Structure formats: C-alpha cells, structure tokens
Amino acid sequence: MKKRVLVGMTALLLSLSLLMAQEIPAGVITAFKRGSSQELSKYMGDKVNLVLQGRSTNVDKQKAMQEFFTKNKVSGFNVNHQGKRDESSFVIGTLATTNGNFRVNCFLKKVQNQYLIHQIRIDKINE
C-alpha cells in the first residue's frame, strides 16, 4: 500500500513539474526540427537578438533564421532542457545539420498571453 502511494505521489509531482515547464509553444520545436525559418518567425517578436558563434545582431523576424537554415540543412533537433520563470521561458537543444551539430538556446518572453522569441543563441559544438 505504501509503495502504491509513493509511486502515485511521485508520478503526480513529475507530471505537474512537466506541465509547469511546458510554456514553449510546440511549433517552436517543430520549426527547429524542420529547419523552417518561416514557421519559426510565427513565434518571434518583431525584432530578435540573434547570436551566431558569439556575434550578436538584432534582426527582423522574417530574416532571423533564414540565412542560417539555408547554409545549414537541418536533419534534426533534440530538446536537452526547457523551463520557465515568471514571464519568460527557454529551450536548449541540439540542432543536427549537414555542417555539424549546434547548441541552440532560445529565449522567450510572455507578450499579451503568448510566449514570443526574443533571443536565439547558436554555437557550433566541437566534437
């Protein structure tokens, strides 16, 4: 009996923590998996801070990832970690491309009841 209660409580706490961390729109993950800048732009603010290999630029949401995805054909994206705090959330993942793997940090802010991307950091993973 004690074992069932303990397993039930553990499952409840785990599911609650997963629900609380799910503030990243599913479309963001899908857009990274497909390498679709057009789909990703639906989840961006008007201007996005794009940091590629340590170089930071503020770009229009329509052009934010277009050049990167054109140069680096995406073959997959795996979420390593995601979370939220107050009015912001983030996702960290590994983007697999024809030119190697990249670590992606995507930061979102809550704007009018929806989370919008305000910064994307992409760094090459040295393997």
Could you order 120, 125, 29 by accessible surface area, starting with the largest, using a probe radius of 1.4 Å?
125, 29, 120
Those trypsin sites (Lys or Arg not before Pro) from the range 59-92 that are DSSP loop and have at most 11 other Cβ neighbours within 10 Å turn out to be 73
On a straight-distance basis, which aspartates and glutamates could pair with residue 84 in a cross-link, Cα separation under 16 angstrom, same-chain partners fewer than 8 positions away excluded?
23
Let me cross-check residue 98: its accessible surface, 1.4 Å probe, with only protein heavy atoms counted, in Å² to the nearest 10?
100 Å²
Can you give the Rg/Rh ratio of the range 40-102, where Rg is from the C-alpha atoms and Rh is the Kirkwood radius?
0.97
Starting from the Cα coordinates of the range 70-126, work out the convex hull volume and express it per residue in Å³.
88 Å³
Of 107, 79, 126, whose Cα points farthest to the positive end of the dipole of the range 15-127 (charges on the beta-carbon: +1 Lys, Arg; -1 Asp, Glu; origin at the Cα centre)?
126
Calculate the FRET efficiency for residue 113 and residue 78 from the Cβ-Cβ distance with a Förster distance of 30 Å, rounded to the nearest 0.05.
0.55
Starting from the residue with the highest accessible area, list 59, 104 in decreasing order, probe 1.4 Å.
59, 104
Under a 1.4 Å probe, counting only protein heavy atoms, residue 39 has an accessible area in Å², nearest 10, of 40 Å²
Here the convex hull volume per residue of the range 14-127, taken over Cα atoms and given in Å³, is 103 Å³
Would you kindly derive the ³J(HN,Hα) couplings of the range 30-39 from the backbone phi angles with the Karplus curve 6.51 cos²θ - 1.76 cosθ + 1.60 (θ = phi - 60°), listing them in order in whole Hz, with x for Gly and Pro?
4, 4, 5, 4, 8, x, 9, 5, 5, 5
Percent relative contact order for the range 78-127, counting Cα pairs under 8 Å at least six residues apart, stands at 28 percent
So if I place +1 on the C-beta of Lys and Arg and -1 on the C-beta of Asp and Glu, and nothing else carries charge, what would the dipole magnitude of the range 58-127 be about its Cα centre? I want it in debye, nearest 20.
60 debye
Total formal charge among the other residues, if their Cβ is under 13 angstrom from that of residue 23, Lys/Arg +1 and Asp/Glu -1:
+2
Between residue 101 and residues 5 or more places away or on another chain, which pairs have amide H atoms under 5 Å apart, with H built 1.01 Å from N, and which residues are they?
125
Calculate, for the range 26-99, the solvent-accessible area per residue in square angstrom, rolling a 1.4 angstrom probe over the heavy atoms of the protein chains.
59 Å²
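The values are calculated or read from the model by the stated rules, or taken from the named source; none is laboratory data. This one's a predicted model, so the numbers in the text were calculated from it and none came from an experiment. Every residue, glycine among them, receives a Cβ derived from its backbone with ideal geometry; neighbour counts consider all protein chains shown. Quick note on the areas: whole protein, heavy atoms, side chains included, nothing else; ligands and nucleic acids left out. Shrake-Rupley method; radii C 1.70, N 1.55, O 1.52, S 1.80 Å.
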